[in-house]
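For reference, the structure discussed in these notes is given below.
The values are calculated or read from the model by the stated rules, or taken from the named source; none is laboratory data. Computed from a predicted model, the values in this text were never measured in an experiment. Cβ placement follows ideal geometry from the backbone for every residue including glycine, while neighbour counts extend to all protein chains displayed.
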Amino acid sequence: MRRRCAQFGFSLVEVLVVMAIIIILATIVVGVGRRFVRQSQERLTDSGINVIQAAIEQYHDFHEKFPFVTPPLSDPDGYTQAMLAADLDGVISAGIFNEYASSERLYYELDQYPNSRRLIETMVSEMKTSKDSQGRDRKIVLNNGSEEKPLVRFVDVWGRSLRYVYTQDMTFPLVVSDGVDGEPGTADDLTGEQ
């Protein structure tokens, strides 16, 4: 007489089907998570830009002008370190980074006026830095060498400098982040324009 033993457990096919379902669900969860992270980064950058624009408005209300005029957004050179040094009558240490210049100048100007300064102090610290891309401190020596100040600039959550653009034909300056892709002039750029 043959005895049949009861078999317990799962067959190989059943285990593979369950693993495939788990992998599909994990892929969906990771994709959704990445989208939420990107959306929160964009919201934080937008929020920072809005704070900067409010500080620019405070500056304008007090001085009856905007901080400074720049070349248009279409100008490939834009506002340069040479322009920054000349406008502030100073000498910049730690290399030439033209992509930092308009952001450094904007921070410098807004920091000079108490109401604007109070607003930019409310921004998260990750959206302001005085370091270059290699981690070196950036400074400007002013007043014929008698004063040295850090060159602080505004950055987006991806660590790239925000750009300030204001030409005479504009009604309000733009503060621009190149967005998640880091490329200027693409659909994911973030500006204060609504």
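Results for (1) at pLDDT below 90; (2) basic (Lys, Arg), shown as yes or no for each residue.
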| position | (1), (2) |
| --- | --- |
| Arg4 | yes, yes |
| Ser11 | yes, no |
| Ile21 | no, no |
| Gln41 | yes, no |
| Tyr59 | no, no |
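Any chance the range 137-150 includes a residue that's modelled with pLDDT of 85 or more and in a loop (DSSP other than H, G, I, E, B)? Checking the range 137-150: not a single residue is modelled with pLDDT of 85 or more and in a loop (DSSP other than H, G, I, E, B). Out of Ser11, Ser74, Ser93, one residue alone is closer than 21 Å to Asp169 by Cβ and among the hydroxyl-bearing types (Ser, Thr, Tyr). It is Ser74. Here Ala86, Ala54 are screened, and the one residue that is out of contact with any Asp or Glu (no Cβ under 9 Å at 6 or more places or on another chain), among the small types (Gly, Ala, Ser), under 24 Å from Gly185 (Cα atoms) and part of a helix (DSSP H, G or I) is Ala54.
Residues in the range 87-114 that are on the phi > 0 side of the Ramachandran plot and either at pLDDT below 75 or of a type in the set (A, V, I, L, M) (or both): Ala94, Gly95. Among the aliphatic types (A, V, I, L, M), over 25 Å from Val51 (Cβ atoms) and outside any helix (DSSP H, G or I): is that true of Val69 in this structure? Against the criterion (among the aliphatic types (A, V, I, L, M), over 25 Å from Val51 (Cβ atoms) and outside any helix (DSSP H, G or I)), Val69 does not qualify. When Phe8, Phe36 are screened for being out of contact with any Phe, Trp or Tyr (no Cβ under 7 Å at 6 or more places or on another chain), without any contact (Cβ under 8 Å) to a residue 24 or more places away in the chain and in a loop (DSSP other than H, G, I, E, B), only Phe8 passes.
Which one is surrounded by the most Cβ atoms within 10 Å (Cβ to Cβ) among residues in the range 155-174 that are out of contact with any strand residue (DSSP E or B) (no Cβ under 6 Å at 6 or more places or on another chain) and among the hydrophobic types (A, V, I, L, M, F, W, C)? It comes out as Val157. Residues that are farther than 21 Å from Arg153 by Cα and small (Gly, Ala, Ser): does the range 33-53 have at least one? So far as the range 33-53 goes, yes, one or more of its residues are farther than 21 Å from Arg153 by Cα and small (Gly, Ala, Ser). The condition of being touching a strand residue (DSSP E or B) at 6+ places or on another chain (Cβ under 8 Å) and of a type in the set (A, V, I, L, M, F, W, C) holds for only one of Leu151, Leu119, that being Leu151.
Take the conditions among the β-branched types (Val, Ile, Thr), on the phi < 0 side of the Ramachandran plot and part of a helix (DSSP H, G or I) and apply them to Ile120. Does it pass? The answer is yes for Ile120. Could you check, for the range 68-79, whether at least one of its residues is surrounded by 12 or more Cβ atoms within 10 Å (Cβ to Cβ), at pLDDT 85 or above, more than 21 Å from Gly159 (Cβ to Cβ) and in contact with a helix residue (DSSP H, G or I) (Cβ under 8 Å, 6 or more places away or on another chain)? So far as the range 68-79 goes, yes, one or more of its residues are surrounded by 12 or more Cβ atoms within 10 Å (Cβ to Cβ), at pLDDT 85 or above, more than 21 Å from Gly159 (Cβ to Cβ) and in contact with a helix residue (DSSP H, G or I) (Cβ under 8 Å, 6 or more places away or on another chain).
The residue that is surrounded by the most Cβ atoms within 10 Å (Cβ to Cβ), counting only those in the range 17-59 that are in contact with a helix residue (DSSP H, G or I) (Cβ under 6 Å, 6 or more places away or on another chain) and not hydrophobic (A, V, I, L, M, F, W, C), is Gly48. Scanning the range 105-147 for residues that are of a type in the set (Asp, Glu), surrounded by 12 or more Cβ atoms within 10 Å (Cβ to Cβ) and out of contact with any helix residue (DSSP H, G or I) (no Cβ under 6 Å at 6 or more places or on another chain) returns Glu109, Glu121, Glu126, Asp132, Asp137.
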